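Here the structure comes first, spelled out in structure tokens, and everything after it is commentary.
The values are calculated or read from the model by the stated rules, or taken from the named source; none is laboratory data. Computed from a predicted structure; not experimentally measured. Quick note on the areas: whole protein, heavy atoms, side chains included, nothing else; ligands and nucleic acids left out. Shrake-Rupley method; radii C 1.70, N 1.55, O 1.52, S 1.80 Å.
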Amino acid sequence: MQRGRQFLKLSVSAIFIFGVFLLCQVSGVQAKQVLQLGAQAPLDTIDISTSTGYGQTGNIYESLFRLGENGKIEPGLAKSSSVSADGKTWTFKLRDAKFSNGDPIRAQDFVYSWQRTLKPETKSPYTNLFSNIQNAPAIAKGEMVPDQLGIRAVDEHTLEVTLSTPVAYMKTLMAYPLFAPQDQKVVEKYGKKYATNAKYMVYSGPFKLVNWNGTSEKWQFVKNNQYWDRKKVKLDQVNYTVLENTSTALYLYQEKKLDLTQLDNQQIDNYRDDKAFHRYPYALTNYIKYNFKSADEQKKALLNNQDFRLAISLAINRKTLNNRLFGSKKNDITGFVPVGLADSPKKVDFAKSQAVPDTVDYNQKLALKHWHEALKATGQKKVALTLTLNSDDANASYVGQYLKGQLEKVLPGFKLTLKTVPSQVSASRDKKGDYDLLLAGWGADFKDPISFLEIMLPGAASNTGGFDNPEYKAALDRAMNADANDPDKRWADLVTAAQVMNKVQGITPLYQNDTAYLKNPKVKGVVHNTAGAQWSYKTAYIK
């Protein structure tokens, strides 16, 4: 989300980072509880107000709640909460807790943190996640002052949050580290030095960061002895080291120096039958984005033609694509919202409910039918379009080559040119709408379908192609307003919107990220979630 997390912004390292665990180190006769994790890149920042991802840092910052196993909401810095009948006023009672420097965590620390994040000069990439909090959008635009945000400290241990519209997933959202408190005294003490070094920061989570200076390729999380629930934290330390590639990590695993290592596509076939083999899905969908506002009238007519987009979707064999990318012969994707993100009130996976026949299936015959109808409607015989790819996406080159070969084979008269550019250039062209087709990706920051669906509303930052469908808008409007306090009706509205997206192919989903690992069974208690703070080590230990 940059209304979720755009794949260009989503740190791929935050998806693959947590793969590498060191065997117990021995001090005297006692085994010290230490894990060592491999990172593909250094931490870019530890300032929660400016961060672009919280995969690692969810272990050092804690908000009002936490995500437990399978996305279950667990207690965080709030010991209780209540909501008004209209769903617009939330009251949180804070527990007695301290920052890592011993300062008490007060309701005012949340007020300060949220206001600091929303100030335009902070340039937070995640202000959209505050959008349902009263006055937040106007504050982020500089149209109102931060003091007018719908949050106040009733007293030191009581926090009140006022929403502009009810938020059905409020507790899930409040588990995101972005909403953690910040110690104003510390921010002001260090000034420009704040968050530039591990020592210029204080922490609210089960661990605190040490030995990080802004460019470090090694850093550690150590147990935070000021943490309110420290008795449940079994690890003494978590060591991070930037590793060059999966081959290095696999070698270390084979040498029994690592307890868990990510596998790349070539390695998967050799280990898929190993008892240590595991798969971890991620709520990240990769898809084709269409430019409905193309300046080229001929291209615009084609891109706005529903038959054309359905022809594209039905010509793609997603099982083949998935197998080549992840060594998995199945394809679970049924639409924009990925498998495993969220369940309905009746415990049905949203991805199952959003499925619409003959939209994301592989059907060459039907693809051809839609293709010919599109050409007839637009008066075109040959089509030439360009697909923009991000060179920093490890899968982009293969995906681009596959799409070119497959679409040109199935759809007669279609020529697809691939244009690979650096991520910054790709992001710039995306923002400007300077593309025909663009390979994009979106990952959820919280476990609710709206995390995906809202990004395709008119005016949303990521809807650069200008998708606009009345039925889609109406369904989401009901979900976010009239039906926001009715879980069943809200869910039905979201399903309707997702099904509309499938039927019209406002975007064409390709695959969901899925990562394979080898894991030593001695490592226990690691919590993995498909969205939000994806990896938690609060309850991890080495048996």
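Assuming a ≥ b ≥ c are the square roots of the Cα gyration tensor eigenvalues, decide whether the chain counts as rounded (a/c under 1.5), prolate (otherwise, with a/b larger than b/c) or oblate.
Oblate.
Using a 1.4 Å probe and ignoring any ligands, DNA or RNA, find the accessible area of SER164 and quote it in Å² to the nearest 10.
60 Å²
Step through the table entries LYS381/LYS419; LYS256/LYS524; LYS352/LYS538; LYS32/LYS522, compare each Cα-Cα distance with 20 Å, and write down the pairs that go over it.
From the list (LYS381/LYS419; LYS256/LYS524; LYS352/LYS538; LYS32/LYS522), the Cα-Cα distance tops 20 Å for LYS381/LYS419; LYS352/LYS538.
Put LYS189, LYS330 in order of accessible area, largest first, 1.4 Å probe: what do you get?
Of LYS189, LYS330, the descending order of accessible area is LYS189, LYS330.
With θ taken as phi - 60° and the coefficients 6.51, -1.76 and 1.60, list the Karplus ³J(HN,Hα) couplings across region 234-251 in order, rounded to whole Hz; mark glycine and proline as x.
Running phi through 6.51 cos²θ - 1.76 cosθ + 1.60 with θ = phi - 60° gives 9, 6, 7, 7, 10, 9, 10, 9, 6, 9, 5, 7, 6, 5, 4, 5, 5, 4 Hz.
Calculate one ³J(HN,Hα) per residue across region 484-494 by plugging θ = phi - 60° into the Karplus curve 6.51 cos²θ - 1.76 cosθ + 1.60, and present them in order as whole Hz with x for glycine and proline.
4, 9, 10, x, 5, 5, 4, 4, 4, 4, 5
Report the accessible area of ASP436, computed with a 1.4 Å probe over the heavy atoms of all protein chains in place, in Å² rounded to the nearest 10.
Spelled out: ASP436, probe radius 1.4 Å, area about 20 Å².
At 1.4 Å probe size, with no ligands or nucleic acids counted, give the accessible surface of HIS372 in Å², nearest ten.
We get 100 Å² for HIS372.
May I ask you to give the solvent-accessible area per residue for the chain, in square angstrom, as obtained with a 1.4 angstrom probe?
That works out to 41 Å² for each residue.
Grab the Cα-Cα distance for MET144 and ARG230, subtract it from 0.36 nm times how many residues apart they are, and report the gain in nm with one decimal.
Stretched out fully, the MET144 to ARG230 stretch lengthens by 27.0 nm.
Helix 364-378 versus the longest principal axis of the chain: what is the Cα-based angle in degrees, 0 to 90, to the nearest 10?
Here the helix axis deviates by roughly 70 degrees.
Using helices alone, I'd like the mean residue ellipticity at 222 nm for the chain: each DSSP H run of four-plus residues gives -39500 (n - 2.57), total over residue count, nearest 500.
Calculated at 222 nm, the ellipticity per residue is -8000 deg cm²/dmol.
Once neighbouring chains are kept in place and the probe is 1.4 Å, which whole percent of the accessible area of the chain is contributed by carbon and sulfur?
Solvent-exposed carbon and sulfur of the chain make up 47 percent of the total.
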